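Data first, discussion second: the structure below is written as structure tokens.
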């Protein structure tokens with residue numbers, strides 16, 4: 001199946017964006033910025049619908065809860081905040097040891113919600129990962145074992161495990177109930193970004209390691225693939241549970257789309273040369289978003305999904321399906337043949353032209369008969 005992503009929308013921000021997260025329903029994107037704010041964007045209109053303010057330094061990581069009601073954020077000010085999306089307020093700050101020093105060694109690098117929404121976790125520059133109870137604000141576990149800064153964290157599909165990566169060239173898998181380290185995977189280089197992909201058949205850990213995208217089996221911890229193609233360091237990786245694709249970004253401004261099964265790079269995107277700071281998939285897997293150092297927020301759409309649907313309709317209905325007629329930077333224009341179908345027998349009714357022609361012939365015959373009758377009289 002072919003893959004072809006095109007830029008659907010683009011907005012220029014007031015500040016450099018560093019982190020992105022889609023809401024579970026795909027309607028919004030939360031964007032953490034250098035100006036200490038979190039801006040939430042409507043994915044249909046590409047408009048900022050509200051801004052969350054409260055951090056004292058750059059926002060480094062954001063994540064939605066699975067029900068979409070909350071956003072958790074981490075910052076260089078070493079704080080972790082939980083925001084209520086409905087009333088747009090911060091109702092809890094979990095790490096009270098905030099700092100205002102730009103060069104402070106204490107900072108939050110990555111945050112994540114557990115699948116059930118009851119816990120949040122944060123990786124930090126102190127080489128640890130902390131897990132909090134959302135309701136009480138109590139720190140349940142401090143996961144110690146990394147010897148350098150923790151770059152990225154992600155929960156598994158059930159929330160029983162947490163995976164962390166570090167500058168110490170290791171990935172650690174933790175039991176979230178006991179706080180113990182289950183497994184340490186040694187890597188060849190720093191892993192700056194993690195993603196967790198799961199479906200009914202498999203669960204996998206995806207890592208952006210130096211210039212490679214590496215996949216491990218999340219149950220056996222066997223290394224499955226190492227996908228090479230980036231010429232500079234990877235900044236972010238994202239995957240979707242309903243497709244076999246992985247998207248990765250790098251410091252040279254390139255975005256690569258990978259076939260997770262074959263390990264093949266199926267598309268390389270480079271809108272400009274600015275460093276891409278983050279990429280994130282929506283839940284459906286047809287769209288992803290990216291943000292870059294040049295203050296751009298972009299939405300990308302897989303038009304092959306439309307083309308594939310068109311081909312399916314071609315087989316099913318033989319002809320006249322909706323088709324993509326033109327693609328431009330502003331979006332996709334559709335050309336659709338208007339025709340009524342009998343879905344049961346998959347046949348098209350007679351066109352208005354042919355129906356009109358038949359009607360005329362019949363009418364003419366009746367008029368001729370009436371003329372003959374008059375002559376007989």
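Values computed for the structure shown
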read-out: Residues of the range 219-249 classified as within 14 Å of residue 259 (Cβ to Cβ) and touching a residue at least 40 places away in the same chain (Cβ under 8 Å), total; value: 7
read-out: Residue 25 closer than 20 Å to residue 82 by Cα, surrounded by fewer than 23 Cβ atoms within 10 Å (Cβ to Cβ) and touching a residue at least 60 places away in the same chain (Cβ under 8 Å); value: yes
read-out: Meets criteria (over 15 Å from the mean Cα position of the chain (by Cα) and either on the phi > 0 side of the Ramachandran plot or touching a residue at least 60 places away in the same chain (Cβ under 8 Å) (or both)) for residue 56; value: no
read-out: In the range 233-245, the residues that are surrounded by 21 or more Cβ atoms within 10 Å (Cβ to Cβ) and closer than 10 Å to residue 285 by Cα; value: 239, 240, 245
read-out: Residues located in the range 202-211, provided they are more than 16 Å from residue 153 (Cβ to Cβ) and either within 21 Å of the chain's Cα centre (by Cα) or modelled with pLDDT of 95 or more (or both); value: 202, 203, 204, 211
read-out: Residue ranges of strands (runs of 3 or more DSSP E) in the range 255-307 with at least 1 members out of contact with any helix residue (DSSP H, G or I) (no Cβ under 6 Å at 6 or more places or on another chain) and surrounded by fewer than 18 Cβ atoms within 10 Å (Cβ to Cβ); value: 255-259, 265-269
read-out: Residue within the range 186-196 that is assigned to a strand (DSSP E or B), more than 23 Å from the chain's Cα centre (by Cα), surrounded by fewer than 20 Cβ atoms within 10 Å (Cβ to Cβ) and without any contact (Cβ under 8 Å) to a residue 40 or more places away in the chain present; value: yes
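The values are calculated or read from the model by the stated rules, or taken from the named source; none is laboratory data. Just so it is clear, the model here is predicted, and its values are computed rather than measured. Virtual Cβ from ideal backbone geometry, glycine too; neighbours counted across all protein chains shown.
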